[in-house]
Structure formats: C-alpha cells, structure tokens
1. Are there any strands (runs of 3 or more DSSP E) wholly within segment 1-107 with 3 or more residues that are closer than 28 Å to His409 by Cβ, and if so which?
2. Does Pro218 satisfy being crowded, with 22+ Cβ neighbours inside 10 Å, farther than 15 Å from Leu252 by Cα and not aromatic (Phe, Trp, Tyr)?
3. Cβ-Cβ below 7 Å, separation at least six or inter-chain, first residue in segment 455-466 and of a type in the set (Lys, Arg), second part of a strand (DSSP E or B): which pairs?
4. Evaluate the following for Gly323: is it closer than 21 Å to Arg454 by Cα and either in contact with a Gly (Cβ under 9 Å, 6 or more places away or on another chain) or open to solvent by less than 60 Å² (accessible area, probe 1.4 Å) (or both)?
5. May I ask you to list pairs of residues, at least six apart or on different chains, whose Cβ atoms are under 6 Å apart, with the first in segment 343-363 being part of a strand (DSSP E or B) and the second being open to solvent by 10 Å² or more (accessible area, probe 1.4 Å)?
6. Surrounded by fewer than 20 Cβ atoms within 10 Å (Cβ to Cβ) and modelled with pLDDT of 95 or more, is that true of Glu282?
7. Can you work out which of the residues in segment 190-215 that are open to solvent by less than 10 Å² (accessible area, probe 1.4 Å) and not in a helix (DSSP H, G or I) is farthest from Pro179 (Cα to Cα)?
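The values are calculated or read from the model by the stated rules, or taken from the named source; none is laboratory data. Keep in mind that this is a model prediction, so the values were computed, not measured. Virtual Cβ from ideal backbone geometry, glycine too; neighbours counted across all protein chains shown. We work out accessible area using only protein heavy atoms, side chains counted, and drop any ligands, DNA or RNA first. Shrake-Rupley method; radii C 1.70, N 1.55, O 1.52, S 1.80 Å.
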Amino acid sequence: MKTKYIFVTGGVISGVGKGITVASLGRLLKSRGYKVTIQKMDPYINVDPGTINPCQHGEVFVTDDGAQTDLDLGHYERFIDENLTVSNSVTTGKIYWSVLNNEREGAYDGATVQVIPHITNEIKNRIYTVAASGNLPDVVITEIGGTVGDIESTPFLEAIRQVATDKGRENVMYIHVTPMVEGCGELKTKPTQHSVKTLLSLGIQPAVLVLRSTCEIPSDVSEKIANFCNVRREDVITCMTAKSLYAVPLMLEEQGLANVVCHHLGLENPVPDLEEWRKMVEKIVSGSDSTPITIGVVGRYAVMPDAYLSLMEALRHAGFNTGVNVNVRLIQSEEVTSDSAEQLLCDCSGIVVTDSRGNSAMNYAVAKGVPFLGVGMGLGSNPKTAGLSACKLSEGSLSRQIYGEELIHERHSNNVENISNLENPVLAGLSPDGNLVEIVELPQNIHPWFVAVRFRPEFKSRPNRPHPLFTAFVKKMLEGR
C-alpha cells in the first residue's frame with residue numbers, strides 16, 4: 001500500500017494536548033495492524049532542545065541514536081512502543097542549517113535561496129525520509145508544534161499543504177486540535193471556528209477536529225462546529241481530560257477517531273486489538289486506590305514538572321505494575337541541605353536524585369537507609385556520547401541481580417553529574433572496555449538499596465513494560481512498609 005500521511009496541528013493555545021492525541025492515534029492504528037511512525041516538527045530556531053533550559057521547554061528526551069529531542073517523542077515511544085530516531089525530530093534550526101550548508105556548497109546552482117521552495121522542500125524531504133526509513137511505515141503521523149497563526153509555523157504549514165499535491169489527496173489528511181473555551185456559563189465555538197478559518201486561509205482543510213474539553217460537549221455544539229468548519233458531524237471528536245494519559249486512546253477509540261481516519265485515508269478498518277492496553281489501563285485506574293508511597297525526586301529543575309516527565313512516568317509504570325500508587329514529589333535540589341533534609345524527606349519512602357546538587361539528599365538517604373536511586377550520575381568526568389551504549393554488570397552486584405544478565409544497553413544524555421562524598425562505593429557496572437564507571441552501588445550491609453547510574457533508564461520504560469531498575473526500586477520500598 002502507499003504510505004499515508006497524517007498531519008496534526010493545534011489551535012488557539014499551546015499545550016492543548018496535540019502530543020497525547022498524536023500518540024493515542026498511533027496506538028489505535030497500530031492496534032489495527034498498521035506500521036506507524038510519528039514525527040515532531042518544532043518551529044523554534046534551536047537546532048535541538050539540548051541547549052534549552054528544561055524550565056522553558058521540559059525535558060530533553062534522548063533516542064537510541066543519540067538525538068536530543070522534544071519530550072513529545074517520549075510520549076510517542078511509550079504509546080506506540082517503537083524506538084524513534086533523529087529523523088523523527090525536526091526543528092526550524094535543523095531546516096535552515098541544512099539549507100544554508102547546501103547553499104554554501106553550491107547545491108542550488110546559484111539560485112536565490114527562498115522560503116519557497118528551498119525551506120519548504122527541505123521540510124518535505126524530512127517527512128519523506130521518515131516514510132522511507134526503518135520498517136517502511138504504512139502511516140506517518142506528523143505533529144506540527146506551536147499554534148496555527150504563529151509566524152514561526154508558516155513554512156511548516158505551507159510544506160504540509162504541498163504534501164497533498166505531491167502524494168495525492170487520497171493519501172493525506174489533516175487533523176486540527178483545539179480547546180473548548182468556556183465563557184458566560186457555556187462552551188464557545190468561536191475560537192475553534194477562527195482557528196480553522198486561519199488554516200483554510202493557508203490552503204489546509206482539516207478533515208477531523210479534536211476538541212479538548214473538561215466536560216461532555218453537547219451534540220448541538222458539535223453540530224454547530226461541524227457546520228461552520230465544513231466537516232462531517234462524525235469528524236468532530238471530543239477528547240476529555242482523563243484520569244490517566246494512557247486512558248486517552250481508549251476514549252478516542254470510543255469517540256471513533258481511528259474509524260474516521262481510516263475512512264478518510266481509504267484504509268481497511270479491522271477490529272482493533274486493544275485488550276492488553278485495556279487491561280493495563282484498568283490496572284492503572286484501580287491502582288489509585290492501592291497502597292500509596294511517596295517518592296522524592298530531587299533536581300535543579302523541579303519547579304517545572306515536565307523537566308522530569310519520563311522519570312515520573314517510569315516511577316508510575318513501576319508503581320501500577322507492582323500494585324502501588326506512586327506519588328511523586330518534586331523537590332528543588334538547592335532546598336535540600338543538611339539542616340532541611342529531615343523536614344523535606346522524612347515521609348519519602350524512596351529518594352531519586354538527578355544532579356550533584358542533590359548530594360545532601362543522597363547523604364540523608366545513606367544515613368537513614370532510605371532506598372536511593374541516582375540517574376544521570378557517575379564517578380569521574382569522562383565524556384559520554386548521547387545515545388545507546390553498553391554496560392557490563394559485575395558478578396554478585398545488585399544491578400546484575402535486577403537485570404538478570406551481564407551485558408545491558410541503556411541511553412545516555414550529554415549531561416552527567418558526579419557523585420561526591422560517597423564512601424566504599426561498589427563499581428557495579430563498567431563500559432565494556434572498563435574505562436568508564438556506569439553504575440555505582442553501596443554494599444548491602446551498609447545500605448539496603450543504593451544504586452546510582454550514569455545513564456537515563458527512564459527513557460526506555462514503557463507503561464506495559466516498566467524498566468527493571470524502577471520496578472526493583474519500588475518493590476524495595478514496599479518491603480520496608
């Protein structure tokens with residue numbers, strides 16, 4: 001079959017939930033037997049988020065091949081359970097960098113370089129590269145970051161408009177996500193109407209509208225939006241706030257999102273296999289009434305929850321797969337001192353530290369025997385390339401017991417903090433050449449559960465397949481209750 005292209009845009013406000021909508025649609029199409037990949041296009045001029053303060057843009061998610069990407073790629077991987085690559089993350093910075101290098105090398109034969117066609121062609125090339133890579137996906141879903149109407153998004157919108165001409169309109173569709181705004185005691189349709197009008201002025205007619213809401217949307221409101229935005233009534237989908245992110249695919253399945261997508265793209269629409277996902281969500285929802293434990297996550301960017309999104313999700317994965325209701329408490333590392341540690345951490349069943357400024361929290365965990373996990377931390381300042389690397393686990397170590405194998409592969413980020421003032425460390429994991437310390441432990445006769453790793457295990461955790469380190473960490477906390 002020919003590759004199908006779905007483009008998802010957002011309107012009215014940022015943070016409306018495009019990423020979860022895109023990830024959920026990917027899960028629904030995959031459950032129907034289609035090979036799916038998801039791509040994020042961000043309009044900011046940075047080459048990647050690696051140099052952006054996490055307090056502004058959230059965590060930097062790292063892929064197997066070392067790409068530093070937007071946090072939405074973490075959502076994509078967790079929902080569709082596929083490892084993405086550098087090709088799945090595109091920014092304005094990457095586009096202009098490539099075009100300018102081509103111009104310097106004479107690739108355009110002396111032509112005047114312009115937004116159209118050079119920038120838009122480069123954007124389309126990134127889309128088609130993803131379609132031709134890996135396992136040759138049946139469907140490529142591309143999320144356009146930002147909001148329709150932003151000046152930065154204009155080249156991306158023009159490029160995706162052209163894709164329909166390049167690949168055939170029967171193989172391309174557009175989905176627009178907008179919030180339902182409440183005013184004077186009623187839901188207002190005008191923000192959505194004006195947002196769609198902006199898209200239409202750019203030559204893009206959305207086939208499906210996804211309306212984000214905190215409540216049910218009356219049928220007459222959906223009918224009005226359908227009429228004014230030139231879509232079928234069944235193409236107006238409600239996406240309400242759910243108890244769990246992982247319940248959103250099931251909600252959108254009930255709303256018929258995948259059905260209308262298959263209709264518009266001429267795809268067969270077999271009965272989806274969502275049984276495993278449904279059982280997982282039932283476990284998550286029922287887990288909210290199970291044993292509660294509080295885990296303190298100590299880091300320098302704790303004022304921004306999205307800065308530790310994958311870490312918090314990995315802890316929750318371990319929790320609901322262990323029958324525990326994990327409550328994550330973010331704590332600024334600078335606030336934890338030798339004097340304040342007791343007050344801030346005394347009711348935490350476990351402590352996670354993400355940077356060297358959390359040494360006071362680490363010392364408290366050691367002194368009190370509280371289960372401790374350090375992520376992105378190691379001994380020494382040896383440089384490490386971002387991406388997937390091997391680690392050889394020492395015989396008899398706690399880590400070897402947890403993983404159940406000698407050689408493991410984990411993702412690293414470029415930012416590695418150093419542990420200080422740690423006495424009697426056990427070098428539990430080394431790089432295969434023995435030159436780099438990857439895992440540090442304390443002997444179990446000194447501390448019941450202390451593991452600090454140089455890599456970022458949270459990036460490989462999945463809701464239906466939690467990472468073993470986090471599972472062992474949570475289980476250890478249960479033993480002490």
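1. Ranges flagged: 36-42, 89-91.
2. So Pro218 does not fit the description; no.
3. Arg456/Val62; Arg456/Arg411; Arg456/His412; Lys460/Glu410; Lys460/Arg411
4. Numbers: closer than 21 Å to Arg454 by Cα: no; either in contact with a Gly (Cβ under 9 Å, 6 or more places away or on another chain) or open to solvent by less than 60 Å² (accessible area, probe 1.4 Å) (or both): yes.
For Gly323, the condition - closer than 21 Å to Arg454 by Cα and either in contact with a Gly (Cβ under 9 Å, 6 or more places away or on another chain) or open to solvent by less than 60 Å² (accessible area, probe 1.4 Å) (or both) - is not met.
5. Matching pairs, first to second residue: Gly350/Pro371; Ile351/Val370.
6. The answer is no for Glu282.
7. Ile204
Quick grid of which residues meet (1) of a type in the set (S, T, N, Q); (2) under 12 Å from the mean Cα position of the chain (by Cα); (3) open to solvent by less than 60 Å² (accessible area, probe 1.4 Å):
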residue: Asp70; (1), (2), (3): no, yes, yes
residue: Gly74; (1), (2), (3): no, yes, yes
residue: Arg78; (1), (2), (3): no, yes, yes
residue: Val86; (1), (2), (3): no, no, no
residue: Thr92; (1), (2), (3): yes, no, yes
residue: Ile95; (1), (2), (3): no, no, yes
residue: Asn101; (1), (2), (3): yes, no, no
residue: Asp109; (1), (2), (3): no, no, no
residue: Thr112; (1), (2), (3): yes, no, no
